[in-house]
Each structure stands twice: as C-alpha cells, then as structure tokens.
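To keep things clear, I will list the structure first and then write my remarks on it.
The values are calculated or read from the model by the stated rules, or taken from the named source; none is laboratory data. All figures in this text were calculated on a predicted structure; none of them were measured in a lab. Here the Cβ is made from the backbone with ideal geometry for all residues, glycine too, and neighbour counts use every protein chain on show. Accessible surface is based on the protein model in full, side chains and every heavy atom, while ligands, DNA and RNA are left aside. Shrake-Rupley method; radii C 1.70, N 1.55, O 1.52, S 1.80 Å.
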Amino acid sequence: MLAGLIAGALALVVAYFLGESQVDAAIALEEAHSHDHGGGEELVSRTMQATGGLATGVLVFGVAVGGIAALVFCYALGRIGDFGPRATAALIAGAALLTVYVVPFLKYPANPPAVGNPDTIGKRTTLFFLMVALSVLLAVAAVIIGKRLAPRLGKWNASIAAVAGFVVLIGLAYAVLPSFDEVGKDFPATLLWEFRLSTLAVQATLWSTFGIVFGYLTERLLTPAARATAPQTAGAVS
C-alpha cells in the first residue's frame, strides 16, 4: 500500500500537469457552446476539483490498487514461473496496466467534458467495467491454460497459444459489445487525442512506478542477499 501511495503521488503530478489543462479546455468549449446560462451555483468549485478532489481520488486509488496488487503478488510469486520478487512485481504491474486499463480503454476510451451523451453515461460506465472484468478473467484463464499446455508444447509455444487465445476472445468481446460514437463534429480532434493520451500517461505512470517501488521493497524483504547488502553498503559509505 505504501508503494501504491508513492505511485499515486507521481501519477497525481502527471494528472495535474498533463490532464487538467485538457479538462479546462474541454470545459471552456462546453460552456462556449452551451445555451443554458442559468445553470446555478456549483456544488464543488473547479479549483477544488483540480486540486483536493484530484489528489484524493488518485491517492486513494493508488493505495487501493497497491493493496490488491500485493495480494496478487503473494499468490503469484513462484507460481507463474521462475521469477524473483522484482520480476514478479513488474509482470503483475504490466499485466494490470494491460488488463485493467489498456484493453478496456481501446474499446471505451476516456472522454473529456463536453463529449458523450448524459443519457448513456450509466450504460457506458457499466460496459466499461464489464470490459475490465472480462479482460482480467480472460488474462487469468490465459495464464492457467498456458501453464497446463507448457508440458506438452513447451513454455514458448504455450505462451504464444495462451496470448493468441486471449487476443481472439478480446476481439470477439470488442465485436459483440456495443460501441458509442458520441464525439461532436465540432469538438477538436487534437484536444480529444491529447486528453486520452494524458489519461493513458497517468495509468502508465501509476503502474510502472508501483512495479518498480514494490519490486524493490519486496526484494529487500524477501531476498536475504538484498538485506545483507544494504548494511554493508551503508557501512562502506560511512
């Protein structure tokens, strides 16, 4: 959870400096095209949303995913191959980024304010989380199938078969689940692209930082050589 908090802090920096300017631009565009000038007072100011609200959301998310990923790490260590703590942490972080965000993102990418029909937001949210669940479950199934095929096909061929099966089933999910094309013709394509890239950058920062920090901490805790080296190095420096 500490590693998740550190990862969340770095992701917060990326979200603030890369994403908030895109959100402000989208809000300004929405207000410029709005004909409703009697919208009433905001319950939460934009300044609070961009600072305290953003920080709370990203940091809490970082701590939460850190705790969940730690549980997955405890189960996966030594069961998914001959990998040490750092390599296992990196694999889990990379797999989480792929399955929890990238795969659903390719089907249902993030939209800035002024994009999307308010009447479909519930359906879009449900389908996004359904895509997350499918992606995670299919990834777990691919790992299990790959391990079972390894004795007959070899590790390399079994891995290729498992990945191919995952891609095919995800492709079927993409084809079956409904899509939404709700971007207005007057919405700048560059702004939409930059917003979506910024959301991807936030997630990439979060998971890559978590993988590095968590891998370092767990290796020091679980590997005797790493624990023994740290005091010797500190003594040599002093």
(request) Report, in degrees rounded to the nearest 10, the 0 to 90 angle that the Cα long axis of helix 121-153 makes with the longest principal axis of the chain. (result) 20
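Rounded to the nearest 500, what is the chain's calculated 222 nm mean residue ellipticity when only DSSP H runs of at least 4 contribute -39500 (n - 2.57) each, over all residues?
Numbers: 9 runs with 170 residues, N = 238.
Helices in the chain give a 222 nm mean residue ellipticity of -24500 deg cm²/dmol.
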(request) Kindly express, to the nearest 10 degrees and within the range 0 to 90, the angle between helix 224-237's C-alpha long axis and the longest C-alpha principal axis of the chain. (result) 80
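Give the shape of segment 86-226 as rounded, prolate or oblate, defined through the alpha-carbon gyration tensor: a ≥ b ≥ c are the square roots of its eigenvalues, a/c under 1.5 means rounded, and otherwise the shape is prolate if a/b is larger than b/c and oblate if not. If you can, show how the numbers build up before the last one.
Working: a/c = 2.91, a/b = 1.50, b/c = 1.94.
It is oblate, given that a/c is not under 1.5 and a/b is not larger than b/c.
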(request) Just check the chain against the gyration tensor rule for me: Cα atoms, a ≥ b ≥ c as the square roots of the eigenvalues, rounded for a/c under 1.5, and otherwise prolate or oblate depending on whether a/b exceeds b/c. (result) oblate
(request) Express the accessible area of the chain per residue in Å², computed with a 1.4 Å probe while the remaining protein chains stay in the model. (result) 60
(message) To test your reading of the geometry: what angle, between 0 and 90 degrees and rounded to tens, separates the Cα axis of helix 189-222 from the longest principal axis of the chain?
(response) 30
(message) With a 1.4 Å probe and all protein chains left in place, how much of the accessible area of the chain comes from carbon and sulfur atoms, in whole percent?
(response) 70
(request) Across the chain, how many lysine pairs, 8 or more positions apart or on different chains, have C-alpha atoms separated by under 29 Å? Please give the number. (result) 5
(message) Charges at C-beta only: +1 for Lys and Arg, -1 for Asp and Glu. How large is the resulting dipole of the chain about its Cα centre, in Debye rounded to 20?
(response) 1600
